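The values are calculated or read from the model by the stated rules, or taken from the named source; none is laboratory data. Quick caveat: nothing in here was measured; it's all calculated off a predicted structure. As a convention, Cβ positions derive from the backbone with ideal geometry for all residues, glycine included, and neighbour counts pool all protein chains shown.
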Amino acid sequence: MPAFGNEFETPALPYTDAVKAKTDHLYARVAKFIPEFEWRLHAPYIAAINDLKKEKNAVILAHNYMTPEIFNCVGDFAGDSLQLAKEAAKTDADIIVQAGVHFMAETSKILCPDKTVLIPDPKAGCSLASSITGADVRLLKQKYPGAPVVTYVNTTADVKAETDICCTSSNAVEVVEHAAKEFNSDTVILIPDQYLAKNVAAMTDVKIVTWAGSCEVHERFTADDIRELRAGNPGVIVLAHPECPPDVLAEADFAGSTSGMSNFVREKQPDNVVLITECSMSDNVAVENPDVNFVRPCNLCPHMKRISLPKILASLQTLEHKVEIDPDVIERARKPIDRMLALPLTRQSMYDHRRAPEVAAVETRG
Ligand code: SF4
């Protein structure tokens, strides 16, 4: 892959002795994935970004799907979207730069309304987040009165503002069961990812109504892909994300969130593993697990890949693009997140398909 694809907005910065002195220790972390000629393009941006972070009291939140030079070399906190936002809320930084997509930056702003939150490319969207609006959720509530709305964190602030409680792929089963009990309802509206909803439905007696949203990265994997992988790599351990269709999870050895997958690899140290998720995840987990071999079929998220080192540097220099949300929306969107964080959830959701992954309804607009 070229160093920045077509993402150069500024002339390349020079690789000098001073840059080398500031970045050699970081190259040691990623040398396995980034050839030296490519590193010479990245290193000047990394040095400039790390200097500017100190000068402006800024932190960078790096999602698991960021490329290795961002994730390992300029990120201050790494993880999934919610882990990142929680870390952001604890820092005394004045500025948060979200190396991720727009809904993640909104979540950071919701949890840190007094800080300046920047997204280096405001066009970094998400097929799940854009599949549903706050107005859609209001119509769903009219159609299923009394059923609580559980919303995946991969949604906009407007959608969260219409929500009873948020969930992540790590805790979705537990949150759905909690919401059914708390609202005394046999039905829960779990939106917007129809595949996550079906995977949850296989694990609970609660009736699930969902939305026809999907992640354009995970929906492309098929059960045939997994069977072919196993045939070509005997003994490989397959870990799949619960945004994949249920027949993909049924072929996997383990299904869990990005943090669930990282923990699995760290704890079990399999000889050969494949992560059925976005491409950069394997590179980033491999840095911490040098003895594990990663088989690497994967799908790229075009939205995540909009974030590049030159754009992060430009964002810090110009303080563009600020994430702004109406204070009333912030207040309403924060409640379902706080509600989720307050739950005594003690385990990660595990997914398997001993039962059929059937939902009561998949709703669409109109
Ligand atoms: S990987 Fe999927 S869920 Fe994540 S940002 Fe990309 S499209 Fe959205």
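Assorted remarks:
- Figure legend. Inter-residue proximity from the range 277-288: first residues touching a residue at least 24 places away in the same chain (Cβ under 8 Å) and within 10 Å of the ligand (Cβ to nearest atom), second residues of a type in the set (A, V, I, L, M, F, W, C) and not in a loop (DSSP other than H, G, I, E, B), beta-carbon distance below 6 Å, spacing 6+ or different chains. Indicated pairs: M281/L275.
- Scanning the range 119-159 for residues that are within 15 Å of the ligand (Cβ to nearest atom) and assigned to a helix (DSSP H, G or I) returns A129, S130, S131, V159.
- Any chance R230 is within 14 Å of the ligand (Cβ to nearest atom), on the phi < 0 side of the Ramachandran plot and charged (D, E, K, R): no
- Screening M261, M203 for residues that are touching a residue at least 24 places away in the same chain (Cβ under 8 Å), hydrophobic (A, V, I, L, M, F, W, C) and in contact with a strand residue (DSSP E or B) (Cβ under 9 Å, 6 or more places away or on another chain) leaves exactly one candidate, M261.
- Filtered residue count, the range 48-80, keeping only those that are within 19 Å of S308 (Cβ to Cβ) and in contact (Cβ under 8 Å) with a residue 40 or more places away in the chain: 20
- Scanning the range 330-366 for residues that are assigned to a loop (DSSP other than H, G, I, E, B) and modelled with pLDDT of 95 or more returns V359, A360, T364.
- For D224, the criteria (1) closer than 26 Å to S131 by Cβ; (2) free of Cβ contacts under 8 Å to residues at least 24 places away in the same chain; (3) within 16 Å of the ligand (Cβ to nearest atom) hold in every case but one, which is (3).
- Residue in the range 253-276 that is buried (at least 17 other Cβ atoms within 10 Å of the Cβ), modelled with pLDDT under 95, of a type outside the set (G, A, S) and within 16 Å of the ligand (Cβ to nearest atom) present: yes
- Checked against the criterion of being surrounded by 24 or more Cβ atoms within 10 Å (Cβ to Cβ) and polar (S, T, N, Q), the range 65-72 contains one or more residues that satisfy it.
- The helices (runs of 4 or more DSSP H) found wholly in the range 216-329 include none carrying at least 3 residues that are over 22 Å from the mean Cα position of the chain (by Cα), under 29 Å from V74 (Cα atoms) and of a type in the set (F, W, Y).
- Residue satisfying condition, being in contact with a Leu (Cβ under 9 Å, 6 or more places away or on another chain) and not β-branched (V, I, T), within set A180, A231, A172: A172
- Scanning the range 79-91 for residues that are more than 14 Å from the ligand (Cβ to nearest atom) and either at pLDDT 95 or above or surrounded by 21 or more Cβ atoms within 10 Å (Cβ to Cβ) (or both) returns A85, A88.
- Members of the range 187-215 found to be within 22 Å of A135 (Cα to Cα) and assigned to a loop (DSSP other than H, G, I, E, B), listed by number: P192, A212, S214, C215
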